[in-house]
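Trainee: Structure in structure tokens, see below.
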Amino acid sequence: MSRSFGSTMFLLLLCLMAGTCLSIVPEKEKNPWYWREQAQRTLQHSLKLQNLNTNVARNVILFLGDGMGVSTVTAARILKGQLHHKLGEDFQLEMDKFPFVALSKTYNTNAQVPDSAGTATAYLCGVKSNEGTVGVSAAVTRSQCNTTKGNEVTSILRWAKDAGKSVGIVTTTRVNHATPSAAYAHSADRDWYSDNEMPPEALNQGCKDIAYQLMHNIPDIEVIMGGGRKYMFPKNTTDVEYGDDPKARGTRLDGQVLIDVWKGKKPRNKNAHYVWNRMQLMNLDLNNVDYLLGLFEPSDMVYELNRNNKTDPSLSEMVEVAIKILRKNPKGFFLLVEGGRIDHGHHEGKAKQALHEAVEMDRAIGLAGTLTSLEDTLTVVTADHSHVFTFGGYTPRGNSIFGLAPVVSDTDNKPYTSILYGNGPGYKVVAGQRENVSTVDYAHDNYQAQSAVPLSYETHGGEDVAVFAKGPMAHLLHGVQEQNYIPHVMAYASCIGSIMDHCQSHPSAGLAPQPALFSGLLTLLLLLSLLF
Ligand SMILES: *[C@@H]1O[C@H](CO)[C@@H](O)[C@H](O)[C@H]1NC(C)=O
Ligand SMILES: *[C@@H]1O[C@H](CO)[C@@H](O)[C@H](O)[C@H]1NC(C)=O
Ligand SMILES: *[C@@H]1O[C@H](CO)[C@@H](O)[C@H](O)[C@H]1NC(C)=O
Ligand SMILES: *[C@@H]1O[C@H](CO)[C@@H](O)[C@H](O)[C@H]1NC(C)=O
Ligand SMILES: [Zn+2]
């Protein structure tokens, strides 16, 4: 890197002086016609969006990139492009191709910068709540079991199930982690993974851990895939895959084998399969699978960059299996897919891990698009919150997303990576000065980008996140909205949940809901008749 350093700097100076970089700018882009034609094509495409898709969404798929703020989306776009040997900036992610985009305000009721539990309650249950709580309203205080009762709120997964649809959860974290748990559990604390993680007081007051709720409660979920095996087995049970690792052993104090509980609750005439490795998953005859439980790791799944492709499925592979099982239901399905470890990569300051997780989720989005139709499937892609992740430094076109800014700091004369964090574990002072990154392998998978403030765990960011939508009623996701608006749109589009006025004249799915204006007028007339 240091070899080409001087020449890169020279090139950039030349670029700045000349106004263009002869060696970097693609030839076609020098012709104004290229840009005008490209914009006109986009314009024609945009004009067609006036023909709104007002079908009933038989299926709804929600892709949730945990911690996938807008800066992460842009960096993942450049990375994916560069993985395809392109410059990167002008590449299109699968989510970039979605026609409708909104911004989502992510704050929790008690937090300006939110966490994944309160936000999951917002975008799954439609109600904002306190940080650290899942599936409960803001009347619940974190960790206080006795504030839970009567304050439970249900999720779109439940609404879909109640409407006779099949439902599924696919995640790269533990299946009882914050994001998925808001879909099926009600817990005053997201960290109550099993009874082992709960304070005795909460157990005494009758609260149940999240893994217990997943396996015991309605709604009964057709497809559950992710990590979290250890929370399903009695304490100290040896793990099937990591026999030597004490951290992989079972955690449950109540002695229950939740895999057996799960199986025992399924009707005898249905096929329920539990799998714990990729081979078993790939060998399933999906036509003969009614229920699938896949737990591929004791805790969270392994980062995509480190994944053993023999033992662990990728997120895309899990999504393909899930859709093929769920779509057998003629009434349709609701599927929650979480790219859950984008967040973990960022927390560790490991931007490369985080961005590869985001790219893998984008692959899964593309694959889901090939298995479903815009006519009957609403697909929404969003994040729960952002991170203090940024990239900048006047990097030239096509610069490696993990590369250096072209000019050293004019203050400490040292180079710096384009990617930086506002805080986190990458803070590095050597001999009283900021580390010279040219002396380290900053393109390494586990390199921790420099941060301004030292923290062992980088924090979430507080700015809005994007919501991408395609399919029936996708246009309702527009403008700057509260995060809890999202499941209300998904429910309206699929004619599920408690607000169904617009669907009543068409009880069967597949027919268009009444235009919103019409039901709005009806409500107005009703109100007027009450007044007079
Ligand atoms: C709820 O539990 C807390 C301890 O977690 C206790 O201080 C409080 O008095 C209890 N409240 C009620 C109404 O029982
Ligand atoms: C846990 O299991 C291991 C391996 O089976 C065993 O050696 C150990 O004694 C057990 N520990 C407890 C506390 O039961
Ligand atoms: C698994 O990884 C190896 C090594 O990178 C690769 O050669 C192989 O094609 C991969 N297999 C699958 C099924 O992705
Ligand atoms: C930073 O490290 C590179 C590579 O070792 C070296 O060429 C350069 O002089 C160093 N810069 C400073 C300011 O120490
Ligand atoms: Zn996080």
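The values are calculated or read from the model by the stated rules, or taken from the named source; none is laboratory data. These numbers were taken from a predicted model, which means no experiment stands behind them. When we count neighbours, we look across all protein chains shown, and the Cβ atoms used for this are built from the backbone with ideal geometry, even at glycine.
Trainee: Can you tell me which of (1) farther than 27 Å from G462 by Cα; (2) surrounded by fewer than 21 Cβ atoms within 10 Å (Cβ to Cβ) is the one N399 doesn't meet?
Mentor: So the condition that N399 fails would be (2).
Trainee: Inside region 160-179, can you point out the residues that are assigned to a helix (DSSP H, G or I) and either surrounded by fewer than 24 Cβ atoms within 10 Å (Cβ to Cβ) or of a type in the set (S, T, N, Q) (or both)?
Mentor: K161, D162, T179
Yes/no per residue for (1) assigned to a helix (DSSP H, G or I); (2) free of Cβ contacts under 8 Å to residues at least 40 places away in the same chain; (3) touching a His at 6+ places or on another chain (Cβ under 9 Å); (4) within 13 Å of Q483 (Cβ to Cβ):
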residue: G88; (1), (2), (3), (4): no, no, no, no
residue: L93; (1), (2), (3), (4): no, no, no, no
residue: S104; (1), (2), (3), (4): no, no, no, yes
residue: Y123; (1), (2), (3), (4): yes, no, no, yes
residue: K128; (1), (2), (3), (4): no, no, no, yes
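Trainee: In region 101-123, which residues are more than 16 Å from ligand 5 (Cβ to nearest atom) and touching a Lys or Arg at 6+ places or on another chain (Cβ under 7 Å)?
Mentor: Residue satisfying the conditions is T109 alone.
Trainee: As an exercise: evaluate E375 against (1) acidic (D, E); (2) more than 18 Å from the chain's Cα centre (by Cα); (3) under 30 Å from V453 (Cα atoms) and give the number of the one condition it does not meet.
Mentor: Here E375 meets the rest and fails (3).
Trainee: Continuing with the same structure: If you check L336, L374, L326, L404, which single one turns out to be out of contact with any Phe, Trp or Tyr (no Cβ under 9 Å at 6 or more places or on another chain) and touching a residue at least 24 places away in the same chain (Cβ under 8 Å)?
Mentor: L374
Trainee: I would also like to ask the following. Suppose we filter region 187-222 for residues that are in a helix (DSSP H, G or I) and polar (S, T, N, Q); how many remain?
Mentor: Total meeting the criteria: 3.
Trainee: Find all pairs meeting these conditions: Cβ atoms under 7 angstrom apart; at least six residues apart or on different chains; first residue within region 297-322 and on the phi < 0 side of the Ramachandran plot; second residue of a type in the set (A, V, I, L, M, F, W, C) and within 16 Å of ligand 2 (Cβ to nearest atom).
Mentor: P298/A248
Trainee: With respect to T74, is the statement that it is modelled with pLDDT of 95 or more and either crowded, with 18+ Cβ neighbours inside 10 Å or among the charged types (D, E, K, R) (or both) true?
Mentor: So T74 does not fit the description; no.
One line per residue, one yes/no per condition, for (1) surrounded by fewer than 22 Cβ atoms within 10 Å (Cβ to Cβ); (2) farther than 19 Å from F100 by Cα; (3) in contact with a Leu (Cβ under 6 Å, 6 or more places away or on another chain):
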position	(1), (2), (3)
S316	yes, yes, yes
K331	yes, yes, no
G340	no, yes, no
A354	no, yes, no
F389	no, yes, no
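Trainee: Right, here's the next one. On the basis of being touching a helix residue (DSSP H, G or I) at 6+ places or on another chain (Cβ under 6 Å) and touching a residue at least 40 places away in the same chain (Cβ under 8 Å), does L83 make the cut?
Mentor: no
Trainee: Across region 217-264, what is the number of residues that are more than 30 Å from the chain's Cα centre (by Cα) and of a type in the set (A, V, I, L, M, F, W, C)?
Mentor: Number of matching residues: 1.
Trainee: Report yes if some residue within region 356-375 is of a type in the set (S, T, N, Q), closer than 30 Å to Q112 by Cα and either away from ligand 3 (no atom under 16 Å from the Cβ) or at pLDDT 95 or above (or both); otherwise report no.
Mentor: No - not one qualifying residue is present in region 356-375.
Trainee: What single numbered condition from (1) surrounded by 15 or more Cβ atoms within 10 Å (Cβ to Cβ); (2) part of a loop (DSSP other than H, G, I, E, B) fails to hold for H444?
Mentor: (1)
Trainee: Given the condition away from ligand 4 (no atom under 16 Å from the Cβ), under 22 Å from the mean Cα position of the chain (by Cα) and either surrounded by fewer than 24 Cβ atoms within 10 Å (Cβ to Cβ) or modelled with pLDDT under 95 (or both), answer yes or no: does some residue in region 407-419 qualify?
Mentor: no
Trainee: Please go through region 417-430 and pick out each residue that is part of a loop (DSSP other than H, G, I, E, B) and closer than 17 Å to L79 by Cα.
Mentor: Correct list: S418 only.
Each row is one residue, and each column tells you yes or no for (1) within 16 Å of ligand 1 (Cβ to nearest atom); (2) modelled with pLDDT of 95 or more; (3) touching a strand residue (DSSP E or B) at 6+ places or on another chain (Cβ under 6 Å).
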{"position": "S4", "(1), (2), (3)": "no, no, no"}
{"position": "S7", "(1), (2), (3)": "no, no, no"}
{"position": "C21", "(1), (2), (3)": "no, no, no"}
{"position": "K28", "(1), (2), (3)": "no, yes, no"}
{"position": "Y34", "(1), (2), (3)": "no, yes, no"}
{"position": "L52", "(1), (2), (3)": "no, yes, no"}
{"position": "I61", "(1), (2), (3)": "no, yes, yes"}
{"position": "D96", "(1), (2), (3)": "no, yes, no"}
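Trainee: So which of E320, E304 ends up being in contact with a helix residue (DSSP H, G or I) (Cβ under 7 Å, 6 or more places away or on another chain) and closer than 30 Å to V56 by Cβ?
Mentor: Checking each option against the conditions leaves just E320.
Trainee: Next question. Among the residues of region 65-84, is there at least one that is assigned to a strand (DSSP E or B) and either under 26 Å from the mean Cα position of the chain (by Cα) or within 23 Å of S418 (Cβ to Cβ) (or both)?
Mentor: Among the residues of region 65-84, at least one is assigned to a strand (DSSP E or B) and either under 26 Å from the mean Cα position of the chain (by Cα) or within 23 Å of S418 (Cβ to Cβ) (or both), which makes the answer yes.
Trainee: Name the one entry in D244, D209 that is more than 16 Å from ligand 1 (Cβ to nearest atom) and in contact with a helix residue (DSSP H, G or I) (Cβ under 6 Å, 6 or more places away or on another chain).
Mentor: D209
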